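The values are calculated or read from the model by the stated rules, or taken from the named source; none is laboratory data. Source: prediction; values computed, not measured. Counting neighbours? That spans all protein chains shown, and the Cβs are built from the backbone with ideal geometry, glycine included.
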């Protein structure tokens, strides 16, 4: 006869297996205080789960898409190293992923749309990026679904890039 674990034990076992999977892929926090570096699929899952949780608990979730301009664009190694540098300066609840074509995405838990310019200013000043473009979106202020947030952030990144860079546009 099969025994069923209590719900809390099943969640703990699931969380532990996800943690083990992330460590085996070389993903995870770089330090005790830093954010998580994850792959694109896990980032999408985290964003979706965080939006559902934010809906229940009534807090904000924001994302930023950031593209570095210049000679580093498209170089996977430099984008990954920039992601590592950014993750060190984020909170332990936040996540970073390298998207296609040199785009980074940040998942910022409990950050409102009005916080995004200050957060991005601190990060870009710290790394002395010559030219960058960024787009941002926030739940519940600008979008109610994770996919809408991703689309808004990418569309605004494209707009910022087309208008000369060193700009952050946040959906309104």
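Worth a mention:
- Here residue 87 clears all of (1) assigned to a helix (DSSP H, G or I); (2) over 19 Å from residue 138 (Cβ atoms); (3) more than 10 Å from the chain's Cα centre (by Cα); (4) modelled with pLDDT of 75 or more except the condition numbered (3).
- Qualifying residue in the range 122-132 (condition: buried (at least 17 other Cβ atoms within 10 Å of the Cβ), in contact (Cβ under 8 Å) with a residue 24 or more places away in the chain, within 20 Å of residue 47 (Cβ to Cβ) and touching a strand residue (DSSP E or B) at 6+ places or on another chain (Cβ under 6 Å)): no
- For the range 64-75, the count of residues that are at pLDDT below 50, crowded, with 16+ Cβ neighbours inside 10 Å and assigned to a loop (DSSP other than H, G, I, E, B) is nonzero.
Conditions (1) in contact with a helix residue (DSSP H, G or I) (Cβ under 6 Å, 6 or more places away or on another chain); (2) surrounded by 19 or more Cβ atoms within 10 Å (Cβ to Cβ); (3) touching a residue at least 40 places away in the same chain (Cβ under 8 Å), marked per residue:
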| position | (1), (2), (3) |
| --- | --- |
| 94 | no, yes, yes |
| 97 | yes, yes, yes |
| 112 | no, no, yes |
| 117 | no, no, yes |
